[in-house]
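Some notes on the structure that comes next.
Just so it is clear, none of the values below were taken in a lab; they were calculated from the coordinates. All values derive from a computational prediction rather than experimental measurement. Every residue, glycine as well, gets a Cβ built from its backbone with ideal geometry; the counts of neighbours run over all protein chains shown.
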């Protein structure tokens, strides 16, 4: 599917975005293991989170969905059943990595895979700790989906993550729910803590000491009514769009403001962005509030080290902002971008070249000079949702109409994206 993007004269309005994908995945999985009926409001509407619900249904969990309202009839820790066919994670790395921690403890065999893109994404990071806990897992070439998981009684471990990863941390903590004793995960860098917050909300005994997280096995999880904040990663596209287009003023309501996710707002503030956060409140342990942003010149910056890990999903759209900034953007330590839904370093660079934007591709990042203009072009998502949305934002600053091929990729995480963008564009 093609999307035509016309240059914008201004962006204005007040919008509410779909629920945070990371939190939605976790609420659905934990609710399935809880006792009782959980109501989830503002559940993420993208295909990735639908993949999680589909996999849980295949494991015997009754789930109803009406738009963004989801009802999960929890089965308890020991209530899942063997699926009749291979579980389909679709394009969702979150689904396959986190759910594998649960599958590793089940008294049945499971095969879980996904689409062509997911089948190229390495899984050794979860296979290693789950095997250490006692599961038997095989994968194509030892690392790639589909995974064949022969569950068993798991033993607790003390595991240090070799690289920061909230998904791997979650996988081990979920497995630790089923182990007798205390499972410990140690992080080299603090990653997003939605799992720890959600587990505590549902009744798990979890303690946090700096970058050490401990969970006591075999808790009694109890159903909760929970609300998902709007997704800050989705908000990133509109924040950058408002900064790019002169005269823009935008309010994004109910955005998740978890401190382990706020690096985006911190980085935009460092660049000199004109933004304010108002109406802050807490919901089920998660901070949320309204973000008000107005157009203004930004300086540019450098993303490296721990900042890279914190901003890994937002780098494509921040690269677009960097090209229009005063001093440009340098990205380092981002080799993980090479193994996302696409090689995001290569696909960002390719679309930049089509728009006449200079970029120097690096093995683990890129250098994007500032003060550049965007030429109208035929762009391509290459099947990657974040590339589709990042370059829709870039096209708002082009001097003519641009076209995005394979724009339907946005539906993986944000099916309403183009509709909302049109609604605030003048």
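Numerical summary
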| read-out | value |
| --- | --- |
| Percent RCO, i.e. relative contact order, over the chain, from Cα pairs under 8 Å lying at least 6 residues apart | 18 percent |
| Ratio Rg/Rh, restricted to segment 152-219 and using Cα atoms, in which Rh is the Kirkwood radius | 0.92 |
| Separation of alpha-carbon centers, segment 197-235 and segment 275-341, rounded to whole Å | 25 Å |
| Estimated D of segment 248-340 in µm² per second, where Rh is the Kirkwood radius over Cα pairs and Stokes-Einstein applies at 25 °C, 0.890 mPa s | 173 µm²/s |
| Mean separation of Cα contacts under 8 Å, 6 or more apart, over the residue count of segment 21-227: relative contact order % | 22 percent |
| Measure of compaction for segment 21-227 (Cα Rg per 2.2 N^0.38 Å) | 0.92 |
| Degrees separating the helix 385-395 axis from the principal Cα axis of the chain, which is the longest one | 10 degrees |
| Chain lengthening between residue 299 and residue 82 when straightened (0.36 nm per residue, less Cα-Cα) | 72.7 nm |
| Simple label model, 7 Å out from Cα along Cβ direction - residue 182 to residue 211, nm | 2.0 nm |
| Antiparallel DSSP beta bridges within the chain, percent to nearest 5 | 70 percent |
| Estimated 222 nm signal from helices in the chain, with DSSP H stretches of n ≥ 4 weighted -39500 (n - 2.57), rounded to 500 | -9000 deg cm²/dmol |
| Crossing angle, helix 232-244 versus the chain [Cα axis fit, 0-90 degrees, rounded to tens] | 0 degrees |
| Among (i) 60, 53, 44; (ii) 68, 67, 41; (iii) 60, 45, 41, the entry derived from the coordinates for Cα extents along the principal axes in Å | (iii) |
| Prolate/oblate/rounded call for segment 387-426, Cα gyration tensor, a/c under 1.5 rounded | oblate |
| Between helix 344-354 and the chain: long-axis angle, C-alpha atoms, 0 to 90°, nearest 10 | 20 degrees |
| Calculated FRET value between residue 326 and residue 281, using beta carbons and R₀ = 41 Å, to 0.05 | 0.70 |
| Segment 1-75 and segment 117-147: distance between their alpha carbon centers, rounded to Å | 26 Å |
